[in-house]
Amino acid sequence: MKKTAFYAIHNKLNAKMVPFAGYEMPIEYTGITNEHLQVRNSVGVFDVSHMGEFWVKGPNALQFIQKVSSNDASTLSVGQAQYACFPNGKGGIVDDFLVYKYQEEKYLLVVNAANMQKDWDWCNKNNTMGAELENASETISQLAIQGPKAIETLQKLTDINLSEIPYYSFTTGKIAGADEVIISNTGYTGAGGFELYMYNKDAVQIWNTIFEAGAEFGIQAVGLGARDTLRLEMGFCLYGNDIDDTTSPIEAGLGWITKFADNKPFIDREILQAQKTEGVNQRLKGFKMIDRGIPRHGYEIVDADNNIIGKVTSGTQSPVLKTGIGMGYVKTAYAKLGSEIYIKVRNKNLKAEIVKTPFVNPADFK
């Protein structure tokens with residue numbers, strides 16, 4: 001198993017370590033609910049160094065990204081980032097990822113750890129225009145500092161005015177004593193904050209400095225368990241659960257990252273454009289439990305007559321709402337807000353309701 005640069009720190013903090021995407025990663029330190037609420041109310045730090053980072057360079061870099069990405073990277077200025085997915089040639093999704101426009105003719109793609117090799121192979125297979133691809137995943141560490149106190153914590157460590165970095169934008173500079181750190185106003189918690197990309201040699205120093213700066217806010221290390229519950233409260237998709245090679249971005253509610261600009265021929269454009277025009281048979285929707293119970297991945301969704309109408313893709317007990325929430329694909333007829341559905345939990349049909357996501361309002365925690 002691979003280990004991130006922070007492995008010794010996780011052990012010192014008595015983290016519960018689990019194998020994940022070829023790495024030994026912390027699932028929790030003090031408990032998922034405690035860590036979740038720490039991020040919602042103050043500030044927490046995630047080691048996400050297992051993620052993959054691919055550089056795309058050269059005069060054909062944009063042409064390549066436009067081919068493999070569902071989104072329109074031609075709209076990016078230097079210093080902006082974008083959420084996108086790789087369509088798989090059959091209407092499904094290879095992976096979801098971030099695109100950073102680092103310089104003119106230089107982009108950074110950040111992909112999911114579990115799909116790193118699959119994505120790298122996919123990019124090389126579809127690089128018919130000769131863009132320069134570099135897999136830098138082994139040389140880069142990444143921390144996500146998330147929560148309403150994240151900006152106050154990090155601002156102590158840099159002369160860069162972090163409040164001037166808009167959402168889904170970034171800069172590169174000095175922070176926590178390290179140079180050439182990508183400081184990105186992104187994250188997958190809905191709690192605000194930044195993601196830092198650094199060289200491995202600077203990783204431990206940056207971690208230690210951040211924790212000194214955040215001490216007044218009770219800063220905590222946060223594991224992958226709370227990362228999952230936080231993203232679910234926001235209704236954000238998790239690859240392998242809510243989206244995969246069998247689901248389309250249109251079905252998944254990701255039409256907003258699927259752009260059909262005239263100057264953008266991309267993989268599966270025709271399939272996805274037809275789905276957008278003609279509609280689809282199922283939709284990924286959020287639901288909240290009415291009856292007491294916790295929905296889990298794989299549970300069947302049924303109607304009042306016990307007919308199967310879908311399947312739960314993600315579910316948990318919301319630490320903020322203290323009730324069961326989830327997402328799942330349901331037949332389009334049941335996808336309207338307020339529709340009554342039932343989650344089959346241990347052969348009991350528990351009532352739930354289709355609701356709008358996010359399940360919680362980030363503004364409540366500012």
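Just so you know, all these numbers are worked out from the coordinates, no wet-lab data involved. This one's a predicted model, so the numbers in the text were calculated from it and none came from an experiment. Ideal geometry is used to build each Cβ from the backbone, glycine not excepted, and the neighbour counts take in all protein chains shown.
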What are the principal axis extents of the Cα atoms in the range 1-65, in Å, biggest first? 48, 32, 16
Can you give the Kirkwood hydrodynamic radius of the range 168-307 from its Cα pairs, in Å with one decimal? 19.2
Expressed to one decimal in nm², the mean projection of the alpha carbon convex hull of the range 82-127 is 3.5
Given the rule -39500 (n - 2.57) for each run of at least 4 DSSP H residues, summed and divided by the residues of the chain, what is its mean residue ellipticity at 222 nm, to the nearest 500 deg cm²/dmol? -5500 deg cm²/dmol
If we restrict to alpha carbons, what Rg and Dmax does the chain come to, in Å? 20.6, 62
For the range 52-103, which trypsin sites (Lys or Arg not before Pro) pass both filters: DSSP loop (anything but H, G, I, E, B) and at most 13 other C-beta atoms within 10 Å? 90
Using alpha-carbon positions, what is the distance between the centroids of the range 319-366 and the range 224-287, in Å? 18
If each residue of separation counts as 0.36 nm, what is the full-extension length gain between residue 77 and residue 307 once their alpha-carbon separation is subtracted? 77.9 nm
At most 16 other Cβ atoms within 10 Å and a DSSP loop assignment: could you name the chymotrypsin sites (Phe, Trp or Tyr not before Pro) in the range 101-171 that fit? 167, 168
Exposure proxy order (Cβ contacts within 10 Å, fewest to most) of 186, 258, 30: 30, 186, 258
Based on alpha-carbon positions alone, could you give the equivalent ellipsoid semi-axes of the range 236-288 from the gyration tensor, as √(5λ), descending, whole Å? 21, 12, 10
Relative frequency of Cα-Cα separations exceeding 21 Å in the range 281-358, percent: 12
Once Lys and Arg get +1 and Asp and Glu get -1 on their Cβ, which of 65, 148, 158 lies farthest toward the positive end of the dipole of the chain? 148
Eligible lysines near residue 311 by straight Cα distance, threshold 18 Å, same-chain separation 8 or greater: 285, 288, 331, 336, 344, 348, 351, 356
Between the range 198-215 and the range 67-139, what's the alpha-carbon centroid distance in Å? 28
Stretchable slack from residue 139 to residue 216, in nm (0.36 nm times residue separation minus alpha-carbon distance): 24.5 nm
When the label point is put 7 Å from the Cα of residue 201 along its Cα-to-beta-carbon vector, which residues of the range 159-178 have a backbone N closer than 18 Å? 173-178
Comparing 175, 219, 308, which has the greatest mean-square fluctuation in the GNM of the chain with Cα pairs linked when under 10 Å apart? 308
